[in-house]
Amino acid sequence: MTLWLEAFNTDFWYAIVGAVLLVLALGAFITSRQLIKKLLAFNIMGSGVFLIMVGLAQYQHGPDSVPQALVLTGIVVAVAATALALVLIRKFVLKGGQP
Amino acid sequence: MMWFDLALGLGLIIAAIGVFRSEDLFRAVVLFVTFGILLALTWLRLQAPDLALAEAAIGAGITGVLLLDTLGVFRQHEQDINPRSSSQLPDISRQWAANVLALIACISAAGLLAWSLFNTLKMPAPHHNLVTVVEANIAYSGVSHGITAVLLNFRSYDTLLEVAVLLVAIVIGIGLRERVTTSANATSDEGQSKLSEPPALLTSLVRLLLPLLLITAIFVLWAGSTRPGGAFQAGALIAAAGVLARLGQIDIAARVTTILRLGLTLGVFIFLIVAVSPMLTGKPFLTYPAGWEGTLILLIEFMLTISIGLILLSLFIQAPRPRIPAPVRNAIPATGPNAETNKGGDQ
Amino acid sequence: MTLLNIFQTLFITIGCLFFLIGTIGLLRFPDVLTRIHALTKADNLGLGFIVIGLIPSMSTAADIAKLIVCWVLILAASSVSAFLVANQHIKKSKEFKDHDVV
């Protein structure tokens with residue numbers, strides 16, 4: 001326990017928040033029935049991963065540009081994936097599926 | 001300041017729970033946009049201004065627009081077709097199985113994450129870390145901002161592949177659109193007539209904001225070599241400008257023309273040329289000639305900005321839309337063959 | 001704590017108060033138009049006070065100009081979006097009434 005308290009700083013806190021978001025979003029992704037909500041949960045899952053990556057890499061020696069650059073590309077790929085998923089969902093709904 | 005971080009972290013979690021729990025999709029999307037804005041603040045607290053810029057423009061801005069537009073399409077579609085018995089009862093046993101599965105997955109993921117966080121804490125600080133490596137080599141990279149150096153010099157291979165991923169996404173997006181268009185004819189024309197005339201106030205605001213957004217995009221791109229900023233953030237800004245223009249009924253990228261195709265591929269094309277050309281003189285893939293790093297990085301970033309902006313914009317504009325409902329233009333039958341011939345030159 | 005600090009603290013606190021009041025209004029007011037009223041008040045006045053409070057801590061004229069440009073842009077954007085929402089709301093309620101009569 002003392003180990004946790006010693007290491008506890010801003011970066012580590014956000015890594016924990018990221019882990020919580022990841023777990024919650026995973027559950028929501030499996031249980032939700034609407035496709036759009038699955039997509040939102042998937043996005044939040046990604047954000048959780050990004051927070052863990054940056055937070056854990058930085059909690060010992062301050063801002064680190066390597067994980068930040070990785071996450072920057074990650075954010076852009078995530079929006080492209082979301083847009084593509086939305087194209088597919090739209091097509092599915094326009095063909096008569098349930099959103 | 002710790003209290004602020006605690007509140008912000010809890011705010012993120014609460015916003016996420018709000019997204020998961022709300023039955024209404026519109027509400028979920030609005031909460032998701034809120035989540036994106038809180039996340040942008042979080043990146044600032046993590047001393048990552050580049051990520052904050054990208055998250056504010058992309059996570060909260062463009063993703064939000066895409067989602068809201070999709071909800072609008074669904075609503076229109078529902079009105080067009082019929083209020084079908086949408087209250088389809090879910091299969092109870094399947095839902096129950098999904099809940100159990102979710103519970104197991106959550107518990108195992110939580111355990112795994114807690115275990116790995118705990119073990120990370122027990123690990124001694126690494127002897128040499130990436131921060132010092134980047135600092136030691138940044139003088140040779142051609143730029144003085146760490147993240148740009150990593151993205152376009154030290155790990156440029158990743159960035160090249162990432163832009164290729166974006167290109168694949170838009171190729172699929174356009175491919176799906178064309179199949180839809182040929183059967184449901186002319187998305188661009190329909191998009192035009194679907195929206196009613198926008199209020200004059202909106203168009204004048206768009207006229208004011210468009211040049212400002214483009215200037216800001218170029219500034220962010222230029223700043224990228226010395227300060228937070230760069231091709232991705234600038235590309236996002238260009239996409240946002242395009243979306244705004246679309247709202248003001250100025251149609252950019254509404255049709256898939258040769259120029260648009262060129263713009264979409266420009267980034268990857270130039271990047272590949274710069275990457276391959278040193279191989280002609282026997283050097284490895286993706287090495288910049290000494291002395292030219294800064295210039296080449298700026299060239300690649302400029303092209304990438306155009307491509308990323310156009311790709312994100314096209315993914316929004318080319319997304320499938322419902323056919324126009326019959327009463328709005330009763331002159332032409334919606335599936336008439338003549339409707340297809342009058343826009344044959346498009347593709 | 002210099003006089004300038006007191007001035008800054010005062011203005012930023014007033015700005016935050018406006019945001020708080022605006023948020024309460026957004027949550028508690030009964031319909032779209034009053035909610036827009038609460039929201040735009042928070043944007044305009046709250047942000048204005050915060051910007052005024054922040055100006056003394058800027059070092060260059062360019063930074064001050066940037067702050068003011070931010071404020072002006074947000075004013076323009078928030079007023080136009082408020083107008084659009086209100087416009088749509090009026091259109092919708094009109095349609096609803098027409099439908100009712102028929």
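Each reported figure results from applying straightforward, stated rules to the coordinates on display, with no laboratory input. Owing to the predicted nature of the structure, the values given are computational and were not obtained by experimental measurement. Here the Cβ positions follow ideal geometry from the backbone for every residue, glycine too, while neighbour counts run over all protein chains shown.
With the convex hull of the Cα atoms taken as the outline of the stretch A:17-93, the averaged projected area works out to 5.2 nm². Hey, if you put +1 on the Cβ of every Lys and Arg and -1 on every Asp and Glu Cβ in the protein assembly as shown, which of B:His145, C:Gly25, B:Ala60 ends up farthest toward the positive end of that dipole? In the protein assembly as shown, that residue is C:Gly25.
Using the alpha-carbon positions of the stretch C:3-101, Rg (one decimal) and Dmax (whole number) come out as 17.6, 64 Å. Quote the Stokes-Einstein diffusion coefficient, in whole µm² s⁻¹, for the protein assembly as shown, based on the Kirkwood radius over alpha carbon pairs, a temperature of 25 °C and a viscosity of 0.890 mPa s. Once the numbers are plugged in, D ends up at 95 µm²/s. For the residue pairs A:Lys37/C:Lys92; A:Lys37/A:Lys95; C:Lys66/C:Lys94; A:Lys91/C:Lys92; C:Lys41/C:Lys94; A:Lys38/A:Lys95, alpha carbon separations beyond 31 Å are given by C:Lys66/C:Lys94.
If the segment from C:Thr9 to C:Ile74 were pulled out straight at 0.36 nm per residue, it would be longer than the present Cα-Cα gap by 21.2 nm. Quick check on the protein assembly as shown: helices-only [θ] at 222 nm, where DSSP H runs of length 4 and up contribute -39,500 (n - 2.57) each and the sum goes over total residues. Nearest 500, please. Taking each H run of at least 4 residues, the total per residue is -25000 deg cm²/dmol.
Subtracting the Cα-Cα distance of B:Leu44 and B:Leu161 from 0.36 nm times their residue separation leaves 39.4 nm of extension gain.
Note on B:Gln76 and C:Val85: the model spin-label points, each 7 Å out from Cα along the C-beta direction, lie 2.3 nm apart.
Return the loop-located trypsin sites (Lys or Arg not before Pro) in chain A (DSSP other than H, G, I, E, B) with at most 16 other Cβ atoms within 10 Å of their own Cβ; answer none if there are none. Those satisfying the criteria are A:Arg33, A:Lys95. Note on B:Ala136 and B:Ile172: the model spin-label points, each 7 Å out from Cα along the C-beta direction, lie 4.1 nm apart.
Grab the beta carbon distance between B:Ile250 and C:Lys92, set R0 = 30 Å, and tell me the FRET efficiency rounded to 0.05. The value I calculate is 0.70.
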